[in-house]
1. Using a 10 Å cut-off around each Cβ, can you sort Asp322, Asp335, Asp277 from fewest to most neighbouring Cβ atoms?
2. If we sort 288-298, 33-43, 123-133 on the protection proxy, mean other Cβ atoms within 10 Å, highest first, what's the order?
3. List Leu178, Leu48 from most exposed to least, where exposure is judged by having the fewest other Cβ atoms within 10 Å.
4. Which residues' amide hydrogens lie under 5 Å from the amide hydrogen of His315, considering only partners 5 or more residues apart or on another chain, with H built in the peptide plane?
5. In straight Cα distance, which lysines are under 17 Å from Lys363, not counting same-chain residues fewer than 8 positions off?
6. Please report the antiparallel percentage of DSSP beta bridges with both residues in the range 266-369, rounded to the nearest 5.
7. Using modelled amide H (1.01 Å from N, peptide plane; none on Pro or chain starts), what sits under 5 Å from the amide H of His348, excluding residues fewer than 5 places away?
8. Over 18 Å between Cα atoms, which of Lys116/Lys207; Lys19/Lys207; Lys131/Lys207; Lys54/Lys131; Lys19/Lys61 qualify?
Amino acid sequence: VVIRNVRQFLNGLKNYLVKHGEGELHDLIEKERARLNANEFLNIDAILEAVLHKIVLYPVKPHLYHLMIREYSKNGWLQALSENLTYVRTLSPEQLGFGVRCKFTPPTTQKMETIKICLRKMQHHYSPLKKLENLLRVIFLAIGKQQNCDNPNGDIENYDPVNIESSKIKTLPPADELVRWLVYLLARTSTVGCEVEAWYMWELLPKQLLTTGDSSYYLITLFSAIDVLKNTESIRKLGQVDDSSVTEDGSYCSSLGSVSPVLLSSSDAFVKVAVPDELDGSIRYHTFPGVPQMTAGKLCRVIAHQFGITNPEDHGLYLLVDGYETCLLANECPDLIRHQLRQAHKAHLFAYKRHEAKIAWPKFIVSSLS
């Protein structure tokens, strides 16, 4: 609650400064506007956000950390995370599900050291934007192709490290593979405070960053990895992967526009979604982070982004139960719905499709995927 109030305070302060100004703020904005070219604009919101992080979050961060650590220590989550991180370090990559659907190449010693440094920077910085930047850099180092990390234009004022790092990962990796990587990396680097970091970013990042782009996908997947690390049974389930789709060279079909294997694991870290292809009459199954932060609206945006759907307003996330389709509202949570249906022993299936598409679903998939 306290950290959420801090975010609301930042929003209110930005709105006040833009509307009423303070000191010479409006004069400075007008001077900068006069220097802009026709194809440029001044992102006042981003500038104020960065300044307020330094003024407000820098001094208040120790207090927010103290409150969160006290809460997680009281409910036992911090102890469970610490013990399970130690447990994961005793497991081989194969026991985490690596090497079944793809060739596993562990990070080199040098790269692992860089990843450790990035995670330490993530923990020490007061700015949620800088924390997210370091998280994305870790993911890029682990799964992205090596590219030049420097700002290509040398334009510091318009340099957006979050977008730069996110864009280096050309396609969104499947949630189950990304969760495995995060579990592996968090354990190898002994990042015990990963949940504190995840919530700090989630509550303090600007809303537009969590509702657009790929950043929210990676952050939500971090929550999934943390949920896995809280439960030893979920950790063991990571190793249960269907190898029916492994090709001769050991590669696997990615979740982008190709048939993804259905995981044998029933780990609560993932939600399976059926995506029908109306052109060839096939159904592709994909895994996505199964955490309360992933609402139906966010999941729809992720799927539309992955598949390059240009008319997402014509599509929706549907729940199939007892032969009936129900379109979920944007604020509904598939993870919560799934939990309630499992408790009621109801077979169900989530599907992403066009609102106007009339589809007769195979009967067996509802029970086999729920």
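Please treat every number below as a calculation from the coordinates, not as lab data. In this text, all values refer to a predicted model and were calculated from it rather than measured experimentally. Reconstructed Cβ throughout: ideal geometry from the backbone, glycine too, with neighbour counts over all protein chains shown.
1. Working: Asp322 8, Asp335 22, Asp277 12.
By the 10 Å Cβ count, ascending: Asp322, Asp277, Asp335.
2. Values: 288-298: 21.5, 33-43: 9.0, 123-133: 20.0.
Order by mean packing, descending: 288-298, 123-133, 33-43.
3. Leu48, Leu178
4. The list, which skips near neighbours in sequence, is His355.
5. Cross-link targets: Lys272, Lys346.
6. Values: 19 of 21 bridges.
Taking every DSSP beta bridge within the range 266-369, about 90 percent pair in antiparallel fashion.
7. It is Ser370, by chain and number.
8. Details: Lys116/Lys207 28 Å; Lys19/Lys207 20 Å; Lys131/Lys207 16 Å; Lys54/Lys131 14 Å; Lys19/Lys61 27 Å.
Going by Cα-Cα distance, Lys116/Lys207; Lys19/Lys207; Lys19/Lys61 fall outside the 18 Å limit.
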